[in-house]
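The structure appears right after this line, and notes come after that.
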Amino acid sequence: MSRSEQYERTESATENDWHSRPLEDVYAELESSERGLEASDARERLEREGPNEIEGTEGTSPLRILLEQYSSALIWVLIVAAVVMAAVGHTIDAAVIGGIVVFITLFGFVQDYRAEQSIQALKEMSTTYALVRRDGEKTEIDATKLVPGDVIFVDSGDIVPADARIVAESNLSVDEAALTGESVGVSKAVGEVDAETSLAERENMLYKDTVVERGSGTAVVVETGPGSEIGQIATALEEAEDRATPFQSEMDRLGKIIAGVVVGAVAVIAVAELLIGDTEPLQVFLTAVGIAVSAVPEGLPAVVTLSLALGARRMADQNALVRRLPIVEALGSVDVICTDKTGTLTEEEMTVQRIATGRELYEVTGTGYATDGEFRRDGEPVDEANVAEILRCGMLCNNVDIGTRERDDGDGDVEGETGGEAEHGESEQTFLGDPTEIALFVAAKKAGFDHRELATAYPRLGEVEFTSARKRMTTTHETPDGETVAYMKGAPETVLERCDRELVDGEIAELTDERRGEIEQQNEAFGEDALRVMGFAYRPDVPEAEAKSPDETLEQEMVFLGLQGMLDPPRSEVPGALAGCLDAGINVVMITGDNAVTAKAVGEEVGLRSTRVITGPELEGISDEELRDIVDDVDIFARTSPDHKTRILQTLQAKGHTVAMTGDGVNDAPAVKNADVGIAMGIRGTDVTEQASDIVLLDDNFATIRDAVKGGRRIFDNVRKFVNYLLSGNGGEVTMVFTGSMAGLGLVITPIQILWINVVTDGIPALSMGVDPPAEDIMERDPRPPDEGVITDRIVTSIVGIALFMTVCLLPLFTLNYFGELIPGYDVTGALLGWSPGYDPSRELAQTMVFTGFVVFEIVRIQAIRFRYGLGIFTNRWLVLAVGVAAVLQLLVLYTPTGQLLFDVEPLGLVHWAQIAAAALVFALLMAVFVKVQDRYFDRY
């Protein structure tokens, strides 16, 4: 039986319900027992089912990635143009075009090669060892040799080696954030749960590559390799196809259109000139080459690539690392952002925010793990003594450790995990332990408690450990007075049931039924505000013998201290960033593994639109059609699994939305890869998700997503500007060459001159437009419709209109200087203007006039395009410099022997410049009128 057949058999037999079946049925299905497997049986299963590793492809070969760079039609148009140029002896032209092709393909190769490593990263991530029972004895083996039926043992800090059903546990808690998105550790227990229970709530299961946070456990392996939850994710990631961005598709479509224009124009000219009968075949061929070169925007791919790279560099400075350059453009059309909650909208640091003690309610200021803050009642600061006893309990009945970690921030400094900076070589203190316990620890430090001094004054004598069944923890201590005391923390209901008294204003009072009801109501009120609530109590005068060997019997006749409510608080900058997205027409959807109450409370605090919540189980109960009907009205999806995230994404995309999807754990990788814009978390994200993403947030902050969208819109605006600029210029060149040819004038401008305009005198200013500042209304517009490309109807009319205006204004310059001797009085006019007697205008001079006229017209055209975006001449100093450089380079061509030789030009006199200036003025006036007409019929951009 093959490995895939075995997986199908198991899936069919169990319907993936290992969590809901009686344990004896699980053992029976696996043909195993508490003794585990015999070594010989395990070897047979390993041969039959294959190793416990993630199956993935060997990755795309570098050669294939390189060849894929040549799939664009525009690239092939350039290649054909280079070949044609070389064939007719224009080696310089051919070399320039060839160099452009090499640059574009090598740049794309580097980007794409890195993006195809996600499966390999996933396989490398999964290398672990496992402690198993074979032949009735514990032994450590390579985790890849685990098979279903093996009995494994896990302890604090271990990476779970396979999916397994828990058969025994002690205080077992597992960090499943990478798989489920749950922000706090999940307590595990033995038993059965309902078949419909979501992945995040299957407390009797362990999942491959999650991390044991505390405690220990024994479990029987039920799924390995591709059958595990993470294996199925890897399969989905492997099968996910790379999505072409709208810009990539449009550039490919543009290349095909240009190729069609070239072939059509060449065919028409060739037929027309051959029918005339007096044109030599070589001249027909050269004219065809001129049309081809003028139609192909040789500089466009290079300018687009460099512009996207510059934009990506700016975004990296704002903590958004772009991994695929074309995705920068796609950001401009994003109209839905699906975001995680923990660490993206929130600080990912549990913080005590409210304390109920002594029949009073207190607020606690400060966020995260920073120890500065104060205690307030009714908004007014109060003395820490009011809350000292409950905070002391929280710090003593606590297993948080203080450790040191350091992280090089790239400039020689070292950053600690707490966010502080240290000199190179130094370390920062950090809290190590359960996030809930860290929150209690930090709250006590805000009141001035020092953990070392407190541990010395109240040395621990014993502990009754926390378990998922008990839901409480108790520690015993010796007091400074030599007495013994027990401190308890846990779920409020379990703590309250052990108490018969409470502490009020330093005095112990009876805990009446009425007070119990009030405490329960306070607990519910905290829960409605999405606070994670812990109850606290103590017992004075514990017998010394019980204190040193504590058990559950001492957890009685306790004195209730109160409640502490904590929350992972929203980042301070998130509400403003989210409001900015909504103003820009971008809906924000929270998708989280946390419970609905917590998710809704965070959503309300950050300003989500309606805070309608749907949970994972509810999602599974509705059809795809029903989800399509309501998905636009849902802002929060809670208790979700990886499949839910992908389903939500696909539904939004099916409704025509352009979706940006964030993710950090391996469970997020398929959704991130399939999103229009996949965004990975750089701090807490896994390598798998980062490799599958388009953008990595270096600070895991939602505000950075907003900034990235703004940057993407800015880049798209700039791309649209220089595409308009370059293609309208090319349209003018095609029309001019075509008109001149059909009028019997031959080549009015040479191929090498056209190539110079397209690559240099147009390309340099176009590139500088890539760093144009954003328009003032850039985040006030609605997102661009996904079917609206770079080239709009307005740009199409611009290309046609500008092409005609250029021809109307430049063709007279050619004829005036080519046929000047036929005009009556020409010699007199020439003498008055300073021309030499007997001057004979030539084709070379006429071509030079058209050549230079194109350069001047393009400079005029630049500001006309930018004015529409509210940008003045001097808002981009690089553009001013680029225009100056282009002008200087043109003068060098005209007035240096090398330039004249390479480009077949004549130096121009003042009268020639006067003619060009007059033509440029007419051209500017025609454009001004044309823009006014366009404004009546088209959108602004």
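Values in this text are rule-based calculations from the coordinates and carry no lab data. Treat the numbers as computed from the prediction; the structure is a model and nothing was measured. No Cβ is skipped: glycine too gets one built from the backbone with ideal geometry, and neighbour counts run over all protein chains shown.
Scan around LEU511 for amide H atoms under 5 Å from its own, H built in the peptide plane at 1.01 Å from N, and keep only partners 5 or more places away or cross-chain.
The answer is ARG501, GLU502.
Give LYS138/LYS489; LYS445/LYS600; LYS446/LYS548; LYS489/LYS548; LYS489/LYS645; LYS341/LYS673 a once-over and call out the pairs whose C-alpha atoms are over 26 Å from each other.
Values: LYS138/LYS489 35 Å; LYS445/LYS600 30 Å; LYS446/LYS548 30 Å; LYS489/LYS548 19 Å; LYS489/LYS645 36 Å; LYS341/LYS673 19 Å.
Too far apart for the 26 Å limit: LYS138/LYS489; LYS445/LYS600; LYS446/LYS548; LYS489/LYS645.
Which ³J(HN,Hα) values in Hz, rounded to whole numbers, follow from the phi angles of segment 669-677 under the Karplus curve 6.51 cos²θ - 1.76 cosθ + 1.60, where θ = phi - 60° and Gly and Pro get x?
Values, residue by residue: 4, x, 5, 5, 5, 7, 5, 5, 9 Hz.
Under the rule of at least 5 residues apart or a separate chain, name every residue whose amide H is placed under 5 Å from the amide H of MET590.
THR339, ILE636, PHE637
Going by average Cβ neighbours within 10 Å, how do the peptides 796-807, 202-213 rank, with the highest at the top?
In decreasing order of mean packing, 796-807, 202-213 become 202-213, 796-807.
Determine the gain in length on full extension of the stretch VAL922-PHE938; use 0.36 nm per residue of separation and subtract their C-alpha separation, reporting nm with one decimal.
3.4 nm
Using a 10 Å cut-off around each Cβ, can you sort LEU582, LEU146 from fewest to most neighbouring Cβ atoms?
LEU582, LEU146
Compare the peptides 727-736, 565-574 by average per-residue count of other Cβ atoms within 10 angstrom and give them in order, highest first.
727-736, 565-574
Give me, ordered by chain and number, the residues 5 or more places off LEU172 or on other chains with an amide H under 5 Å from its own placed amide H.
Here the answer is LYS188, SER216, SER468, since their amide H atoms fall under 5 Å of that of LEU172.
Could I have the simple spin-label model distance between ASP25 and SER842, label points 7 Å from Cα toward Cβ, reported in nm to one decimal?
Simple spin-label model gives 9.7 nm for this pair.
How much length is gained if the chain between ARG470 and ARG516 is pulled fully straight, taking 0.36 nm per residue apart and subtracting their Cα-Cα distance, in nm to one decimal? Display every interim value, and only then the final one.
Details: separation 46, 0.36 × 46 = 16.56 nm, distance 2.01 nm.
Between ARG470 and ARG516, full extension yields an extra 14.6 nm.
Provide the gained length on full extension for the span LEU66 to VAL880, in nm with one decimal, where the gain is 0.36 nm per separating residue minus the Cα-Cα distance.
Result for the pair: 289.4 nm of gain on full extension.
May I ask you to sort TYR538, TYR895 by Cβ crowding, counting other Cβ atoms within 10 Å and putting the fewest first?
Exposure proxy ranking, most exposed first: TYR895, TYR538.
By count of other Cβ within 10 Å, fewest leading, how are VAL336, VAL931 ordered?
Least crowded to most crowded, the residues run VAL931, VAL336.
Using θ = phi - 60° and the Karplus form 6.51 cos²θ - 1.76 cosθ + 1.60, what ³J(HN,Hα) does each residue of segment 17-24 get, whole Hz, x for Gly and Pro?
10, 4, 6, 9, 8, x, 4, 5
Determine ³J(HN,Hα), in whole Hz, for all residues of segment 750-762 in sequence, where each value follows from phi through the Karplus function 6.51 cos²θ - 1.76 cosθ + 1.60 and θ = phi - 60°; x replaces Gly and Pro.
Going residue by residue, I get 7, x, 5, 5, 4, 4, 4, 5, 5, 8, 9, 6, 8 Hz, with x marking Gly and Pro.
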